[in-house]
Amino acid sequence: MARETTRALRLCLHHMALLRRPPHPAASLQRNRPFSSLREGKRRGLLWKTLVGVSVGVPVAVGVRYAASEPRDRRRMKILTEGFGRFCRCLSVGLVISGDYWWTTNVALRGQDESSPSYLAKMSACHQRAAECMVGGALSNGGLYIKLGQGLCSFNHLLPPEYIRTLQILEDKALNRRYKEVDALFQEDFNKTPKQLFKEFDYEPIAAASLAQVHKAELFDGTPVAVKVQYIDLRDRFDGDIRTLEILLDVVKFMHPTFGFRWVLKDLKGTLGQELDFENEAKNSERCAEELKHFSFVVVPKVFWEQTSKRVMTAEFCDGCKINDVEEIKRQGLSLKDAADKLIRTFAEQIFYTGFIHADPHPGNVLVRRGPDNKAQLVLLDHGLYQHLSQRDRVALCKLWRSVVLRDEAAMEEHSKALGVKEYFLFCEMLLQRPINMRELGLSNILSREETTYMREMASERFDSIMRVLKSMPRPMLLVFRNINTVRSINISLGAPVDRYFVMAKSAVRGWGNIQAARTGVLPRLWVFRWVRTTWEGLKFELALRWEMAAMSLTRSFLGLLSYVGLVSLDADVYEYLR
């Protein structure tokens with residue numbers, strides 16, 4: 001018994017010694033591994049739950065916030081998310097077009113003759129793809145992007161014809177919003193629906209463009225009106241779109257340092273913002289009507305203020321066809337020459353005399369119809385974008401245009417400097433949008449192939465000089481350039497039946513005469529004095545022009561006679577002059 005007790009005691013002591021012994025590393029690792037795996041599993045589970053919670057909870061929270069918000073706040077939240085999409089769309093359009101041109105010129109057409117039919121056909125197809133891509137992007141983004149596309153349409157002497165044909169869709173058939181948006185906008189501005197504000201209202205727009213769509217309606221007294229309704233989200237997205245364009249221009253400038261147009265957008269930002277205020281547009285239209293009332297062939301639709309707000313403008317409904325619709329003008333039995341002459345005189349009057357200038361006279365904003373005298377009558381629409389040119393700049397511009405037509409180079413330099421431009425000859429060619437031959441007084445309204453090539457090469461090879469000219473001239477001249485170029489484009493589309501340069505020069509002389517008469521104080525009140533003064537200035541211009549043309553003709557004849565009889569030897573430059 002004692003022996004068994006002793007053995008049991010020894011066994012217990014042995015077990016106690018084993019318990020006191022430090023654990024073996026391997027055994028410790030085996031024991032700790034399940035606990036470590038458990039902790040890692042818990043951490044992973046917590047991370048997974050956090051990710052799931054964020055991915056589900058944030059959208060739910062945003063959705064709840066969106067559902068509980070007012071309609072205007074919902075629209076702003078939607079615009080914020082769509083703004084990133086518009087930026088990406090712009091970037092992708094630019095990359096696609098750049099890549100397409102690079103592949104076409106460097107791979108598909110590598111080594112081919114630029115005058116071959118195959119080369120021309122493939123380049124034409126590339127231009128068409130690029131134009132369609134631009135239109136698709138502009139229509140998807142809307143707003144300012146459509147307005148930029150409209151501006152490109154007037155550069156028909158620089159851009160390939162594929163661009164002009166395709167971009168024309170942006171002039172008056174652009175966007176079409178749902179009926180609910182129109183009702184929502186009227187409720188916000190008038191606390192009424194269109195059906196409550198008008199006797200009749202057609203929800204189907206008759207025209208839709210960059211900033212608004214136009215509906216035909218009828219007042220309760222039976223008066224037919226045109227109701228211009230701004231896109232409901234346009235004001236909220238304006239700043240974002242401007243910022244997007246600024247970023248894209250910064251990217252382009254980084255890739256092409258000489259292409260710096262961000263300053264243009266900065267200068268025009270305030271002016272473009274004015275277009276969003278339809279009450280301001282209504283005031284502009286009334287001022288335009290007052291200043292052009294002496295032109296019986298100009299009609300500016302009357303504004304109905306009770307049905308007008310910051311985003312809705314109601315005006316007299318005026319029918320007519322677009323001024324570049326040649327077939328319709330002919331069908332009405334109207335003269336293309338008469339329509340073009342009146343168009344040029346109208347906007348020349350604003351540029352050279354009134355100084356209150358319509359900056360967006362594209363064909364969709366100028367209609368033609370038969371007037372009471374059975375001749376062409378112009379209807380001026382869309383008065384949102386106007387520019388004011390100071391009297392000092394108008395005087396310099398009047399004299400500059402006159403000196404260009406008369407080929408007075410010293411005066412061209414003098415009056416260009418008065419407008420802040422040193423590179424006067426380039427400035428004059430940019431102003432007229434054509435090459436200037438100092439040996440010829442005539443200026444053809446339709447550029448020859450050589451002249452078109454010259455202008456395109458000038459735009460690419462002298463880009464830095466052009467940028468210097470644009471930056472040095474008065475800022476209002478940017479939109480004046482747009483007006484002049486758009487009118488030039490319309491005159492070309494009508495077949496250039498009018499000598500635009502001469503008609504504008506006569507308007508410039510008359511405008512300068514009116515300004516001079518107005519400076520004399522009391523006498524301007526006598527219309528006879530003003531008429532005599534302007535008639536005298538116009539007569540002097542006519543005489544000077546005809547004298548210069550006669551002098552050039554006599555000089556050519558005299559030199560030709562001397563060369564024929566062998567008394568003088570003429571070099572190549574003189575032969576070119578005689579030709």
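The values are calculated or read from the model by the stated rules, or taken from the named source; none is laboratory data. In this text the structure is predicted, and so the values were computed from the model without any measurement. A quick note on method: Cβ atoms are made from the backbone with ideal geometry, for glycine too, and the neighbour counts reach across all protein chains shown. The protein model used for the area step is the full one, side chains on, heavy atoms only, and it has no ligands, DNA or RNA in it. Shrake-Rupley method; radii C 1.70, N 1.55, O 1.52, S 1.80 Å.
Observations
- For region 141-157, the candidate set comprises residues that are touching a helix residue (DSSP H, G or I) at 6+ places or on another chain (Cβ under 6 Å) and open to solvent by 30 Å² or more (accessible area, probe 1.4 Å); within that set, the residue that is modelled with the lowest pLDDT is N156.
- Some residue of region 388-405 being modelled with pLDDT of 90 or more and under 30 Å from A207 (Cα atoms): yes
- For beta carbons closer than 8 Å, sequence separation of 6+ or different chains, a first residue in region 455-481 that is open to solvent by less than 80 Å² (accessible area, probe 1.4 Å) and a second that is assigned to a helix (DSSP H, G or I) and among the hydroxyl-bearing types (S, T, Y), the qualifying pairs are L479/T271.
- Looking across region 87-117, just one residue is open to solvent by 40 Å² or more (accessible area, probe 1.4 Å), hydroxyl-bearing (S, T, Y) and over 30 Å from I146 (Cβ atoms), and that is S115.
- Residues in region 409-439 that are in contact (Cβ under 8 Å) with a residue 60 or more places away in the chain and part of a helix (DSSP H, G or I): L432 only.
- Test result for D267, in a helix (DSSP H, G or I) and modelled with pLDDT of 70 or more: no
- Scanning region 289-308 for residues that are among the charged types (D, E, K, R) and closer than 18 Å to V227 by Cβ yields K302, E306.
- Taken together, the residues in region 275-292 that are surrounded by fewer than 20 Cβ atoms within 10 Å (Cβ to Cβ) and outside any helix (DSSP H, G or I) amount to 2.
- Filtering Q307, Q274 for residues that are under 22 Å from the mean Cα position of the chain (by Cα) and not β-branched (V, I, T) leaves a single hit, Q274.
- Note on region 178-230: residues that are assigned to a helix (DSSP H, G or I), open to solvent by 30 Å² or more (accessible area, probe 1.4 Å) and of a type outside the set (K, R) total 9.
- Summed over region 369-388, the residues that are outside any strand (DSSP E or B) and open to solvent by 20 Å² or more (accessible area, probe 1.4 Å) give a count of 6.
- Scope region 313-368; condition in contact (Cβ under 8 Å) with a residue 24 or more places away in the chain, basic (K, R) and in a helix (DSSP H, G or I); matching residues: K337, K342, R345
- Checked against (1) within 15 Å of Y163 (Cα to Cα); (2) surrounded by fewer than 17 Cβ atoms within 10 Å (Cβ to Cβ); (3) not basic (K, R), C133 passes all but condition (2).
- Any hit, region 352-365, residues being of a type in the set (A, V, I, L, M, F, W, C) and within 27 Å of G222 (Cα to Cα): no
- Look at region 278-298: where a residue is in contact (Cβ under 8 Å) with a residue 12 or more places away in the chain and a partner is of a type in the set (D, E, K, R) and assigned to a helix (DSSP H, G or I), sitting 6+ places away or on another chain with Cβ atoms under 6 Å, you get F297/K342.
- Looking only at residues of region 293-343 that are surrounded by 14 or more Cβ atoms within 10 Å (Cβ to Cβ), basic (K, R) and farther than 30 Å from K199 by Cβ, we find that the one that is modelled with the lowest pLDDT is K337.
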